[in-house]
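Q: Have a look at the structure that comes next, please.
The values are calculated or read from the model by the stated rules, or taken from the named source; none is laboratory data. Predicted, not measured: the structure shown is a model, and the values here were computed from it. Cβ placement follows ideal geometry from the backbone for every residue including glycine, while neighbour counts extend to all protein chains displayed. Surface accessibility is based on the protein's heavy atoms, side chains included, excluding ligands, DNA and RNA. Shrake-Rupley method; radii C 1.70, N 1.55, O 1.52, S 1.80 Å.
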Amino acid sequence: MEVLEQVKKKIYEFIEVCNYPKALELLEKLSTGKMLRSKLILKIAGLSEDSIKLCAVVEMIHAASLLHDDVIDEADTRRGKPSINALYSDKTSIMFGDILYSRAFTELSQMDKRVAYHISNTVTELSIGEMMDVDLTLTFNTSYDKYLTMIYKKTASLIEASARSAAILVGLDSEKYALYGKNLGLAFQMIDDILDITQDSETLGKPAMLDFVEGKVTIPYLYLYERVEEKDYLKSLYKKELNSEELNWIKTKFKETNALNDSINEARKIGLEAINSIKDEKNSKDLVDIMKDMIEREF
């Protein structure tokens, strides 16, 4: 059985314990995505019963956070498929998220105490990150530090905890791997934010440049705001359905100010910091490949 299929099977077993058929029905409807966190754990810890369990727990926590995220964002799709809240209801999506969280915690309680601490603590970070994300859409955010803190908590913290926990399982230097995971997560989110601008709607599975319309001032817009003279005009486009003239103005200014290219370079710089933190480790080639796959995407 392919390794990621083993992770999916373990998640199924964890939910089957609930003895509630609807939970399994909802699980079938979940879009699993690329399972980046599981790939990372398995590259660090190798294949074992413990590493498969850790992957399953982390994927359940990640899925639960996305179920809640889709309700908050009123999203109809997730990775190109209808979201659970669109198929059923917001209430179903929230409660299924809670089932995934609580089953993950139950299984975590039976694992290494340090792993249980780091993974469960991350759920607090995820929740704060989600709340910060919502708060930052209320007004035009001009603080890079606030953006960085939010993406660390909302995205990077779980990737950091996954890498750290995988290292703990096999007795590696958990601090080195935690630093790798943190910077991998930050670079990953920054690249996602950049792709919202550079890729077309079909590739993204959602309208291009949707983040700004939804009130998200991501790294390219932060750089753009610092550099354009027409700051008030840029602010006036915030959370607005943009017409072609306004979209073209933003795209032109991204080029003129180099805000987009500098954003890409910033993400790559953080990616290199991740690589440097584990360069002396035996499995560094695999981890370098994971980072390169992510930061050398088509812009």
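Q: Principal axis lengths of the range 227-292 from Cα atoms, whole Å, largest first?
A: Principal extents (largest minus smallest coordinate, Cα): 52, 22, 17 Å.
Q: What number comes out for accessible area per residue over the range 1-111 if the probe is 1.4 Å? Units Å², please.
A: Averaged over the residues of the range 1-111, the accessible area is 49 Å².
Q: So what is the relative contact order of the chain, in percent, for Cα pairs below 8 Å that sit 6 or more residues apart?
A: Here the relative contact order equals 16 percent.
Q: What value, in deg cm²/dmol to 500, does the helix sum -39500 (n - 2.57) over DSSP H runs of n ≥ 4 give at 222 nm once divided by the residues of the chain?
A: Helix contribution divided over all residues of the chain: -23000 deg cm²/dmol.
Q: How long are the semi-axes of the ellipsoid equivalent to the range 70-137, from square roots of 5 times the Cα gyration tensor eigenvalues, in whole Å, largest first?
A: Values for the range 70-137, descending: 26, 17, 9 Å.
Q: Report, to the nearest 10°, how far helix 113-136 tilts away from the longest principal axis of the Cα atoms in the chain, using its own Cα long axis and a range of 0 to 90°.
A: It is inclined by approximately 20 degrees.
Q: While we're looking at this one, here's another question. Expressed as a whole number of Å, what is the distance separating the alpha-carbon centroids of the range 226-288 and the range 142-193?
A: Distance between centres, Cα-based: 18 Å.
Q: Quantify how much of the Cα-Cα distance distribution of the range 1-111 extends past 24 Å, in percent.
A: 22 percent
Q: For the chain, with a Gaussian network of springs between Cα atoms less than 10 Å apart, report the residue from N19, N121, N85 with the top mean-square fluctuation.
A: Residue with maximal mean-square fluctuation among N19, N121, N85: N19.
Q: Right, something else. Compute the helix-to-body angle for 36-45: its Cα long axis versus the longest principal axis of the chain, expressed 0 to 90° and rounded to tens.
A: 50 degrees
Q: Next question. Over the range 62-184, with a single point scatterer placed on each C-alpha, what log10 of the ratio I(q)/I(0) does the Debye formula yield at q = 0.15, 0.16, 0.20 1/Å?
A: -0.79, -0.87, -1.15
Q: Mind checking the full-extension length gain between E5 and S102? Use 0.36 nm per residue of separation minus the Cα-Cα distance, one decimal, nm.
A: Once the chain is fully extended between E5 and S102, it gains 32.7 nm.
Q: Mind putting together the pair-distance distribution for the range 160-260? All Cα pairs, 10 Å bins, whole percent per bin, short to long.
A: That works out to 14, 38, 21, 16, 9, 1, in percent per bin.
Q: Please report, as a whole percent, how much of the solvent-accessible surface of the chain comes from carbon and sulfur atoms (probe radius 1.4 Å).
A: Carbon and sulfur: 50 percent of the exposed surface of the chain.
Q: Give the angle, between 0 and 90 degrees and rounded to the nearest 10, that separates the Cα long axis of helix 157-169 from the longest principal axis of the Cα atoms of the chain.
A: 30 degrees
Q: Give the average over all directions of the projected area of the C-alpha convex hull of the range 113-298, one decimal, in nm².
A: 11.0 nm²
Q: Moving on to the next point. What residues of the range 33-58 lie in the reach of a label at K285, counting those whose backbone N is under 16 Å from a point 7 Å from the Cα along Cα→Cβ?
A: So the set is 43-44.
Q: Let me ask something else. Between V134 and E226, what length in nm is gained on full extension when 0.36 nm per residue of separation is reduced by their alpha carbon distance?
A: Contour length minus Cα-Cα distance gives 30.9 nm.
Q: Multiply the residue separation of C18 and K43 by 0.36 nm, subtract the distance between their alpha-carbon atoms, and state the gained length in nm to one decimal.
A: That pair, C18 and K43, stretches by 6.0 nm at full extension.
Q: Right, here's the next one. Based on the Cβ-Cβ distance from E175 to R79, what FRET efficiency comes out when R0 is 35 Å, to the nearest 0.05?
A: Between E175 and R79 the formula returns 0.60.
Q: Another one. Keeping all protein chains in position, work out how much accessible area I52 exposes to a 1.4 Å probe, and write it in Å² to the nearest 10.
A: Surface open to solvent at I52 totals about 10 Å².
Q: Describe numerically, in nm with one decimal, the distance between label points set 7 Å from Cα along Cα→Cβ at E246 and at K269.
A: Those two pseudo-labels are separated by 3.2 nm.
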